[in-house]
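> After the C-alpha coordinates below, expect a handful of questions from me.
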Amino acid sequence: MRSHEEDVAEVIIEAILRALWAFRLELGLVGVLGGLGFAATQHFGPHGAWLAPAGVVVLVLAMPPLRRTVGRRLRHARVRRQWVRAVRSARISSLEDRIPGARRMKDIPAGERFEVRIPRGSSVPELEKAAEVIAAALSVRDLGVRRHPDNASRAEIVIVRRDPLAVGPPLPWPNADAPRASLWDPIPVGVGEDGEVVEVALPERNLLLGGEPGAGKSVALSLLVATAALDPGLQALAP
(Lines give C-alpha, C1' and ligand atoms only; values in the text may rest on other atoms or scores of the structure.)
Protein backbone atom coordinates (compact mmCIF):
# COMPACT_ATOMS: atom_id res chain seq x y z
CA MET A 1 0.00 0.00 0.00
CA ARG A 2 1.26 3.48 -0.88
CA SER A 3 1.26 6.04 1.90
CA HIS A 4 -0.09 9.55 1.56
CA GLU A 5 3.43 10.94 1.95
CA GLU A 6 4.63 8.86 -1.02
CA ASP A 7 1.79 10.17 -3.17
CA VAL A 8 2.57 13.78 -2.21
CA ALA A 9 6.28 13.27 -2.88
CA GLU A 10 5.52 11.80 -6.31
CA VAL A 11 3.30 14.76 -7.20
CA ILE A 12 5.97 17.23 -6.08
CA ILE A 13 8.72 15.45 -8.04
CA GLU A 14 6.52 15.31 -11.13
CA ALA A 15 5.76 19.03 -10.85
CA ILE A 16 9.48 19.85 -10.50
CA LEU A 17 10.43 17.71 -13.49
CA ARG A 18 7.62 19.24 -15.54
CA ALA A 19 8.81 22.75 -14.68
CA LEU A 20 12.42 21.88 -15.54
CA TRP A 21 11.33 20.43 -18.88
CA ALA A 22 9.24 23.53 -19.65
CA PHE A 23 12.30 25.76 -19.12
CA ARG A 24 14.76 23.37 -20.78
CA LEU A 25 15.86 25.93 -23.38
CA GLU A 26 16.57 28.65 -20.85
CA LEU A 27 18.29 26.19 -18.50
CA GLY A 28 20.37 24.90 -21.41
CA LEU A 29 21.51 28.42 -22.29
CA VAL A 30 22.39 29.12 -18.66
CA GLY A 31 24.31 25.85 -18.55
CA VAL A 32 26.26 26.74 -21.69
CA LEU A 33 27.16 30.18 -20.34
CA GLY A 34 28.10 28.67 -17.00
CA GLY A 35 30.28 26.08 -18.72
CA LEU A 36 32.02 28.78 -20.73
CA GLY A 37 32.58 30.80 -17.58
CA PHE A 38 34.07 27.81 -15.77
CA ALA A 39 36.35 26.95 -18.70
CA ALA A 40 37.49 30.57 -19.02
CA THR A 41 38.24 30.67 -15.28
CA GLN A 42 40.60 27.73 -15.68
CA HIS A 43 42.54 29.51 -18.43
CA PHE A 44 42.28 33.21 -17.59
CA GLY A 45 41.64 33.32 -13.86
CA PRO A 46 38.69 34.75 -11.92
CA HIS A 47 37.97 37.47 -14.49
CA GLY A 48 37.21 34.85 -17.12
CA ALA A 49 34.15 33.74 -15.14
CA TRP A 50 32.20 36.72 -16.45
CA LEU A 51 34.27 37.85 -19.45
CA ALA A 52 33.53 34.74 -21.55
CA PRO A 53 29.73 34.71 -20.99
CA ALA A 54 29.59 38.47 -21.48
CA GLY A 55 31.48 38.11 -24.74
CA VAL A 56 29.00 35.52 -25.98
CA VAL A 57 26.03 37.75 -25.09
CA VAL A 58 27.65 40.73 -26.86
CA LEU A 59 28.34 38.56 -29.91
CA VAL A 60 24.70 37.42 -30.07
CA LEU A 61 23.42 40.98 -29.72
CA ALA A 62 25.85 42.29 -32.35
CA MET A 63 24.82 39.76 -35.03
CA PRO A 64 21.22 40.39 -36.20
CA PRO A 65 20.62 36.88 -37.69
CA LEU A 66 21.88 35.19 -34.53
CA ARG A 67 19.97 37.63 -32.32
CA ARG A 68 16.75 36.98 -34.20
CA THR A 69 17.25 33.22 -34.03
CA VAL A 70 17.87 33.21 -30.28
CA GLY A 71 14.99 35.63 -29.69
CA ARG A 72 12.62 33.52 -31.77
CA ARG A 73 13.61 30.34 -29.92
CA LEU A 74 13.06 31.99 -26.53
CA ARG A 75 9.73 33.45 -27.65
CA HIS A 76 8.53 30.10 -28.95
CA ALA A 77 9.52 28.44 -25.67
CA ARG A 78 7.41 30.99 -23.81
CA VAL A 79 4.45 30.39 -26.15
CA ARG A 80 4.71 26.63 -25.53
CA ARG A 81 4.49 27.18 -21.77
CA GLN A 82 1.52 29.50 -22.23
CA TRP A 83 -0.14 26.89 -24.44
CA VAL A 84 0.25 24.17 -21.79
CA ARG A 85 -1.20 26.39 -19.07
CA ALA A 86 -4.08 27.48 -21.31
CA VAL A 87 -5.02 23.90 -22.25
CA ARG A 88 -4.89 22.86 -18.59
CA SER A 89 -7.18 25.74 -17.69
CA ALA A 90 -9.70 24.50 -20.29
CA ARG A 91 -10.08 21.28 -18.25
CA ILE A 92 -10.69 18.98 -21.20
CA SER A 93 -11.72 15.80 -19.43
CA SER A 94 -10.61 13.44 -22.18
CA LEU A 95 -7.01 14.67 -21.98
CA GLU A 96 -6.53 13.34 -18.43
CA ASP A 97 -3.63 15.73 -17.75
CA ARG A 98 -1.85 14.71 -20.96
CA ILE A 99 -1.40 18.00 -22.79
CA PRO A 100 -0.80 17.93 -26.57
CA GLY A 101 2.59 19.58 -26.81
CA ALA A 102 3.40 22.20 -29.44
CA ARG A 103 5.86 21.11 -32.14
CA ARG A 104 7.32 22.71 -35.26
CA MET A 105 6.28 26.20 -34.26
CA LYS A 106 6.45 28.88 -36.93
CA ASP A 107 5.82 32.61 -36.89
CA ILE A 108 3.10 33.80 -39.28
CA PRO A 109 1.74 37.31 -39.89
CA ALA A 110 -1.25 36.63 -37.63
CA GLY A 111 0.72 35.06 -34.74
CA GLU A 112 2.07 31.51 -34.46
CA ARG A 113 1.33 28.17 -36.09
CA PHE A 114 2.36 24.77 -34.74
CA GLU A 115 1.41 21.10 -34.74
CA VAL A 116 0.14 18.98 -31.85
CA ARG A 117 -0.29 15.25 -31.36
CA ILE A 118 -3.56 14.36 -29.65
CA PRO A 119 -3.11 11.96 -26.69
CA ARG A 120 -4.93 8.64 -26.73
CA GLY A 121 -8.46 8.84 -25.45
CA SER A 122 -8.99 12.33 -26.84
CA SER A 123 -9.73 13.77 -30.28
CA VAL A 124 -9.31 16.92 -32.32
CA PRO A 125 -13.02 17.90 -31.97
CA GLU A 126 -12.60 17.87 -28.17
CA LEU A 127 -9.75 20.35 -28.51
CA GLU A 128 -11.72 22.38 -31.04
CA LYS A 129 -14.67 22.70 -28.65
CA ALA A 130 -12.37 24.25 -26.06
CA ALA A 131 -10.80 26.70 -28.54
CA GLU A 132 -12.62 29.74 -27.13
CA VAL A 133 -11.62 28.89 -23.56
CA ILE A 134 -8.00 28.36 -24.60
CA ALA A 135 -7.98 31.60 -26.60
CA ALA A 136 -9.31 33.49 -23.59
CA ALA A 137 -6.62 31.96 -21.37
CA LEU A 138 -3.99 33.03 -23.88
CA SER A 139 -5.55 36.51 -24.18
CA VAL A 140 -5.43 36.33 -27.99
CA ARG A 141 -7.80 37.28 -30.78
CA ASP A 142 -8.68 33.74 -31.88
CA LEU A 143 -7.50 30.14 -31.90
CA GLY A 144 -7.76 27.94 -34.97
CA VAL A 145 -7.78 24.13 -34.71
CA ARG A 146 -7.53 22.12 -37.93
CA ARG A 147 -7.44 18.32 -38.08
CA HIS A 148 -4.69 16.74 -40.19
CA PRO A 149 -6.33 15.37 -43.34
CA ASP A 150 -4.45 12.05 -43.17
CA ASN A 151 -4.02 11.49 -39.43
CA ALA A 152 -6.75 11.92 -36.81
CA SER A 153 -4.16 12.08 -34.02
CA ARG A 154 -2.59 15.28 -35.33
CA ALA A 155 -3.85 18.83 -35.61
CA GLU A 156 -2.61 22.22 -36.71
CA ILE A 157 -3.02 25.07 -34.22
CA VAL A 158 -3.02 28.74 -35.23
CA ILE A 159 -2.77 31.35 -32.50
CA VAL A 160 -4.27 34.52 -33.99
CA ARG A 161 -2.93 37.58 -32.16
CA ARG A 162 -3.65 40.23 -34.79
CA ASP A 163 -5.52 40.81 -38.04
CA PRO A 164 -2.81 41.01 -40.73
CA LEU A 165 -5.29 42.59 -43.16
CA ALA A 166 -6.43 45.39 -40.86
CA VAL A 167 -3.41 47.68 -41.14
CA GLY A 168 -0.69 48.50 -43.60
CA PRO A 169 -0.64 49.29 -47.32
CA PRO A 170 -2.37 47.13 -49.95
CA LEU A 171 -0.60 43.80 -50.41
CA PRO A 172 1.06 43.41 -53.83
CA TRP A 173 0.45 40.35 -55.98
CA PRO A 174 3.49 38.05 -55.59
CA ASN A 175 3.73 37.57 -59.38
CA ALA A 176 3.31 41.23 -60.27
CA ASP A 177 6.98 41.65 -61.25
CA ALA A 178 7.60 38.06 -62.37
CA PRO A 179 8.87 37.77 -65.96
CA ARG A 180 6.86 34.58 -66.47
CA ALA A 181 4.31 32.34 -64.75
CA SER A 182 2.58 29.03 -65.36
CA LEU A 183 -1.02 27.93 -65.16
CA TRP A 184 0.27 24.53 -64.08
CA ASP A 185 1.66 25.98 -60.84
CA PRO A 186 -0.42 27.14 -57.84
CA ILE A 187 -1.59 30.70 -58.45
CA PRO A 188 -1.63 33.19 -55.55
CA VAL A 189 -5.02 34.90 -55.42
CA GLY A 190 -5.16 36.48 -51.97
CA VAL A 191 -4.22 36.37 -48.31
CA GLY A 192 -6.02 34.35 -45.66
CA GLU A 193 -6.99 35.41 -42.15
CA ASP A 194 -3.69 34.06 -40.84
CA GLY A 195 -1.75 36.28 -43.23
CA GLU A 196 -0.54 33.41 -45.40
CA VAL A 197 -0.89 33.45 -49.19
CA VAL A 198 -3.93 31.60 -50.56
CA GLU A 199 -3.26 29.73 -53.79
CA VAL A 200 -5.48 28.11 -56.42
CA ALA A 201 -4.42 25.05 -58.43
CA LEU A 202 -6.10 24.85 -61.84
CA PRO A 203 -4.81 21.62 -63.48
CA GLU A 204 -7.59 19.00 -63.76
CA ARG A 205 -10.01 21.19 -61.81
CA ASN A 206 -13.06 23.33 -62.53
CA LEU A 207 -13.33 26.77 -60.96
CA LEU A 208 -16.47 28.61 -59.87
CA LEU A 209 -16.06 32.15 -58.50
CA GLY A 210 -18.88 33.43 -56.35
CA GLY A 211 -19.50 35.99 -53.64
CA GLU A 212 -21.37 39.13 -52.70
CA PRO A 213 -20.72 42.44 -54.52
CA GLY A 214 -17.26 43.74 -53.68
CA ALA A 215 -16.02 40.39 -52.39
CA GLY A 216 -13.19 40.27 -54.95
CA LYS A 217 -14.49 38.04 -57.75
CA SER A 218 -13.21 40.29 -60.51
CA VAL A 219 -9.83 40.70 -58.85
CA ALA A 220 -9.42 36.94 -58.44
CA LEU A 221 -10.38 36.38 -62.08
CA SER A 222 -7.96 39.07 -63.23
CA LEU A 223 -5.13 37.34 -61.39
CA LEU A 224 -5.88 34.10 -63.21
CA VAL A 225 -5.97 35.94 -66.54
CA ALA A 226 -2.71 37.74 -65.68
CA THR A 227 -1.08 34.38 -64.93
CA ALA A 228 -2.24 33.08 -68.30
CA ALA A 229 -0.76 36.17 -69.98
CA LEU A 230 2.59 35.45 -68.30
CA ASP A 231 2.56 31.76 -69.27
CA PRO A 232 5.11 31.18 -72.07
CA GLY A 233 3.09 28.20 -73.29
CA LEU A 234 0.05 30.37 -74.00
CA GLN A 235 2.18 33.17 -75.41
CA ALA A 236 3.46 30.75 -78.02
CA LEU A 237 -0.13 30.07 -79.11
CA ALA A 238 -0.92 33.76 -79.53
CA PRO A 239 -1.25 34.91 -83.18
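> Relative to the longest principal axis of the C-alpha atoms of the chain, give the angle of the C-alpha long axis of helix 4-22, reported between 0 and 90° and rounded to the nearest 10°.
Its long axis makes an angle of about 50 degrees.
> Given 5 Å bins starting at zero, what is the percent of C-alpha pairs of the stretch 97-171 in each, up to the one with the largest pair distance?
3, 16, 24, 25, 17, 8, 5, 2, 1, 0
> Per-residue counts of other Cβ atoms within 10 Å, averaged by peptide: what ranking do you get for 213-221, 93-101, 134-142, highest first?
On the way: 213-221: 11.3, 93-101: 14.2, 134-142: 16.9.
Final packing ranking: 134-142, 93-101, 213-221.
> Would you calculate a helix-derived [θ] at 222 nm for the chain, using -39,500 (n - 2.57) for each DSSP H run of n ≥ 4 and dividing by the full residue count, to the nearest 500?
One gets -15500 deg cm²/dmol as the mean residue ellipticity at 222 nm.
> With no solvent and one point on each alpha carbon, what is the Debye value of log10 I(q)/I(0) for the stretch 58-129 at q = 0.23, 0.24 Å⁻¹?
Evaluating at q = 0.23, 0.24 Å⁻¹ gives log10 I(q)/I(0) of -1.04, -1.10.
> May I ask you to give the average projected area over all directions of the convex hull of the Cα atoms of the stretch 102-239, in nm² rounded to one decimal? If you can, show how the numbers build up before the last one.
Numbers: hull surface 46.9 nm².
The orientation-averaged projected area of the Cα hull of the stretch 102-239 comes to 11.7 nm².
> Now a separate question. Please work out the average accessible area per residue across the stretch 91-163, using the 1.4 Å probe convention, and give it in Å².
On a per-residue basis, the stretch 91-163 sits at 58 Å².
> By its C-alpha gyration tensor, with a ≥ b ≥ c as the square roots of the eigenvalues, how is the stretch 4-142 shaped: rounded for a/c under 1.5, else prolate for a/b larger than b/c, else oblate?
The shape class here is oblate.
> Got a sec to turn the phi values of the stretch 77-85 into Karplus ³J(HN,Hα) couplings, 6.51 cos²θ - 1.76 cosθ + 1.60 with θ = phi - 60°, whole Hz, x for Gly and Pro?
Values, residue by residue: 4, 5, 5, 4, 5, 5, 4, 4, 5 Hz.
> As an exercise, find the ratio Rg/Rh for the stretch 60-99 from alpha-carbon atoms, using the Kirkwood inverse-distance average for Rh.
Answer for the stretch 60-99: 1.30.
> May I ask which residue of Leu27, Pro179, Val84 lies farthest towards the positive end of the charge dipole of the chain, with charges of +1 (Lys, Arg) and -1 (Asp, Glu) on Cβ and the Cα centre as origin?
Leu27
> Once phi is turned into ³J(HN,Hα) by the Karplus curve 6.51 cos²θ - 1.76 cosθ + 1.60 with θ = phi - 60°, what whole-Hz value does each residue of the stretch 147-154 show in order, with x for glycine and proline?
5, 5, x, 10, 8, 5, 8, 10
> Calculated FRET efficiency, Asp185 and Ala39, Cβ-Cβ r, R0 41 Å, to nearest 0.05? Write out the running numbers ahead of the final one.
On the way: r = 52 Å, r/R0 = 1.28.
For Asp185 and Ala39, the calculated efficiency is 0.20.
> Over the chain, consider all pairs of different Cα atoms and compute the Kirkwood hydrodynamic radius from their mean reciprocal separation; express it in Å, one decimal. If you can, show how the numbers build up before the last one.
Numbers: mean 1/r = 0.0440 Å⁻¹.
Result for the chain, one decimal place: 22.7 Å.
> List the residues whose amide H sits under 5 Å from the amide H of Ile108, counting only those 5 or more places along or on another chain, with H placed 1.01 Å from N in the peptide plane.
Residues meeting the amide H criterion: Arg113.
> Once both axes come from the Cα atoms, what is the angle between helix 24-44 and the longest principal axis of the chain, in degrees from 0 to 90, rounded to 10?
Orientation of helix 24-44: about 60 degrees from the principal axis.
The values are calculated or read from the model by the stated rules, or taken from the named source; none is laboratory data. Everything numeric here is computed off the predicted structure, so don't read it as measured data. Glycine also receives a Cβ, built like all others from the backbone with ideal geometry; neighbour counts cover every protein chain displayed. To get the accessible areas, we keep the full protein, side chains included, count just its heavy atoms, and leave off ligands, DNA and RNA. Shrake-Rupley method; radii C 1.70, N 1.55, O 1.52, S 1.80 Å.
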